[in-house]
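Notes follow the structure.
The values are calculated or read from the model by the stated rules, or taken from the named source; none is laboratory data. What you see is a predicted model; the values in this text were computed from it and never measured. Don't worry about glycine lacking a Cβ; one is built from the backbone with ideal geometry, like all the others, and counts go over all protein chains shown. With ligands, DNA and RNA removed, areas are computed over all heavy atoms of the protein, side chains included. Shrake-Rupley method; radii C 1.70, N 1.55, O 1.52, S 1.80 Å.
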Amino acid sequence: MGTITLIERDSRQSHNIKRGDLFHVPAGITVYLTNTDNNERLVLANILHSVSVPGDLQFFSVGGGDPESSFYNAFSHEVIEAAFNVDRESAQKLIGQRKQQQDVFKKATKEQIRSLAGEDKGRLWPFGDRKETTRHTSIYKNKPSVANENGILHEVDSKDFPDLQDINVAVSFFNITRGSMAGPFYNTKATQVLMILNGVGRFEMACPHLSEQTTRTRTGEINPRYEQVSSELRHGTVVVIPVGHPVVIEASGEQNLEVIGFGLNSDENEWFPLAGRENVLSQWEDEALELTFGFPAQEVKRVIQKQNQKLFFKGPARRGRASG
């Protein structure tokens, strides 16, 4: 639990935030966060979108960190004195913070927490009438996109939360039951960045770019060889899944695996399952199946249609990895 406060041109808006909330903070907006829970850390996963040079990000601060961390320190004392209409001593108090105040993270009193959390209503809107701006939603607002005994998928895109359109990002949340897995599936247009929130597990991805071996058909076409990319997953692990790369996310047998995903360049993206109900092969014509796999279509269908779940399945940990 916490509070996020945004300072705009003519208003100050404070919003209580909880698990599953999504928040859009436009570039250049002054913002500060307050942890209102006495027992747990406030942990956030951020996607930062640069507005000038791609990939070149810079935070601007009025204070904290080292003595030069405030942008006010870039100006001469005379300019600061004139801007605030104060004397030299008062200006130095503002920009010459004491050492114990230089941390980015500050310890607040209970009274300060209550005020920052908006409980002191008299101070919430000092700049005039309240200006309502919807910059937040919840990942749990809509029904899950997929849900069964093996896992749950929640998704939010620009149709659900228009602010995401500005940065062309979609957000997903996987809660994979212990011993189960999600996939294989792939995205058609979005690069997906996965961050592990809780649990341990493993991911496997098929990648055509790592293999130096290729095969050439009789017509001269080159077919790639796919290499497996895999890694253990634990709290804080970040995985990047390029567009079109099939991937599987597997939870260990000890606990559920919680994963948040950011789909970059997500406009008109679709994800396609490669196994289970509604997998892409189930829409193929019989002749295409026979030509591709080299045996009768009915035999192919017995394999590709046997799994009746969608996206989330019992994983190797529940089936016995050795049997795979």
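Results, tabulated for the structure shown:
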| quantity | calculated |
| --- | --- |
| Computed lengthening from Q255 to V43, 0.36 nm per intervening residue step minus Cα-Cα distance | 74.3 nm |
| Computed FRET value (nearest 0.05) for F272 with M1, which takes r as the C-beta separation and R₀ as 51 Å | 0.85 |
| Largest to smallest accessible area among T177, T30 [probe 1.4 Å] | T30, T177 |
| Label point distance in nm, Q298-E111, each placed 7 Å from Cα along Cα→Cβ | 8.3 nm |
| Y226 - accessible surface, heavy atoms, 1.4 Å probe, Å² rounded to 10 | 140 Å² |
| Net lengthening on full extension, D286/F71 (0.36 nm per residue, minus Cα-Cα) | 70.7 nm |
| Pair N168, D87: separation of 7 Å Cα→Cβ label points (nm) | 5.6 nm |
| C-alpha center-to-center spacing [region 16-36, region 248-324] in angstrom | 36 Å |
| Amide H contacts of R178 (H built 1.01 Å from N, under 5 Å, at least 5 apart or other chain) | N256, L257 |
| Accessible-area composition of region 262-324, carbon plus sulfur, in percent [1.4 Å probe] | 48 percent |
